[in-house]
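Read through the structure below, which is laid out as structure tokens, and then see the notes.
The values are calculated or read from the model by the stated rules, or taken from the named source; none is laboratory data. What you see is a predicted model, and the numbers here were worked out from it, not measured in a lab. Backbone-built Cβ (ideal geometry, glycine too); neighbour counts: all protein chains shown.
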């Protein structure tokens, strides 16, 4: 099973440590990057034009390229460049609760109205598919997928939640692992400890997490790094 990262433009130090941690701690066959890539990355790569200000469309374009690739395994692990795997882990399926609970929680704690609308739309679409009380799979944790299932899920604003519910993957309920900066998502912030298996960061929380934790845990470059 391949590890596949969907990658934006830029030097992307997050990707460096995401790869180091996943390659060390997740069983896999090959490693792939789709989208753009930093200069230091030398591994398997499928280029996709990344348009400024079109984050979600870029992600869908990247995922369509993944589905179309004959070289990437049909079953794969979907990664983001800000996912870090802290201990040997078998990638499964995780959900935070129902989408209805997620809507209530985000409405209280997060001012991001655009994302809240995506949650509501995904819930409504899944309910039209006959799925009662659809679950929220949109956690910042690697997820195992199959290409055919992903193809169907791309029509949903929240692709991971579309995938998990349509494919009835079940899984384990847990809280999200995103380490947020500032007060934007106060109340949603994750605080890692010695039992943490996965963590994720935002642009502003990453430098401290890198310097305080990731550099010590994952100091060794992978074979895909041109320089450390």
Residue 83 fails exactly one of the following numbered conditions: (1) under 15 Å from the mean Cα position of the chain (by Cα); (2) at pLDDT below 95. What is the number of that condition? (2)
From (1) within 27 Å of residue 65 (Cα to Cα); (2) crowded, with 16+ Cβ neighbours inside 10 Å, pick out the condition that doesn't hold for residue 177. (1)
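Within segment 12-26, does at least one residue satisfy the condition of being assigned to a loop (DSSP other than H, G, I, E, B) and over 16 Å from the mean Cα position of the chain (by Cα)?
Among the residues of segment 12-26, not one is assigned to a loop (DSSP other than H, G, I, E, B) and over 16 Å from the mean Cα position of the chain (by Cα), which makes the answer no.
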Looking at (1) under 16 Å from residue 83 (Cα atoms); (2) out of contact with any helix residue (DSSP H, G or I) (no Cβ under 8 Å at 6 or more places or on another chain); (3) at pLDDT 95 or above, which is the only condition residue 190 fails? (3)
Failed condition for residue 69, given (1) under 21 Å from residue 166 (Cα atoms); (2) touching a helix residue (DSSP H, G or I) at 6+ places or on another chain (Cβ under 9 Å); (3) modelled with pLDDT of 95 or more: (1)
Can you tell me how many residues within segment 152-175 are under 25 Å from residue 82 (Cβ atoms), part of a helix (DSSP H, G or I) and over 16 Å from the mean Cα position of the chain (by Cα)? 1
Just for segment 29-56: of the residues that are surrounded by fewer than 16 Cβ atoms within 10 Å (Cβ to Cβ) and in contact with a helix residue (DSSP H, G or I) (Cβ under 8 Å, 6 or more places away or on another chain), which one is farthest from residue 73 (Cα to Cα)? 51
Those residues of segment 75-98 which are touching a strand residue (DSSP E or B) at 6+ places or on another chain (Cβ under 6 Å) and surrounded by fewer than 16 Cβ atoms within 10 Å (Cβ to Cβ) amount to 75
Hits in segment 111-133 - residues which are more than 29 Å from residue 5 (Cβ to Cβ) and either crowded, with 20+ Cβ neighbours inside 10 Å or under 16 Å from the mean Cα position of the chain (by Cα) (or both): none
Across segment 44-66, which residue is modelled with the lowest pLDDT among those that are assigned to a loop (DSSP other than H, G, I, E, B) and in contact with a strand residue (DSSP E or B) (Cβ under 7 Å, 6 or more places away or on another chain)? 50
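Which of the residues spanning segment 107-147 are part of a helix (DSSP H, G or I), within 23 Å of residue 58 (Cβ to Cβ) and without any contact (Cβ under 8 Å) to a residue 60 or more places away in the chain?
Initially, segment 107-147 is screened for residues part of a helix (DSSP H, G or I), giving 107-109, 113-128, 147.
Those left that are additionally within 23 Å of residue 58 (Cβ to Cβ): 113-122, 125, 147.
Selection gives 113, 114, 115, 116, 117, 118, 119, 120, 121, 122, 125.
Within segment 99-110, how many residues turn out to be surrounded by fewer than 18 Cβ atoms within 10 Å (Cβ to Cβ) and within 20 Å of residue 201 (Cβ to Cβ)? Can you show your working first?
If we filter segment 99-110 for residues that are surrounded by fewer than 18 Cβ atoms within 10 Å (Cβ to Cβ), which is where we start, we get 100-101, 103-105, 107-110.
Next, from what is left, pick out any that are within 20 Å of residue 201 (Cβ to Cβ): 109-110.
Residues that pass the stated criteria total 2.
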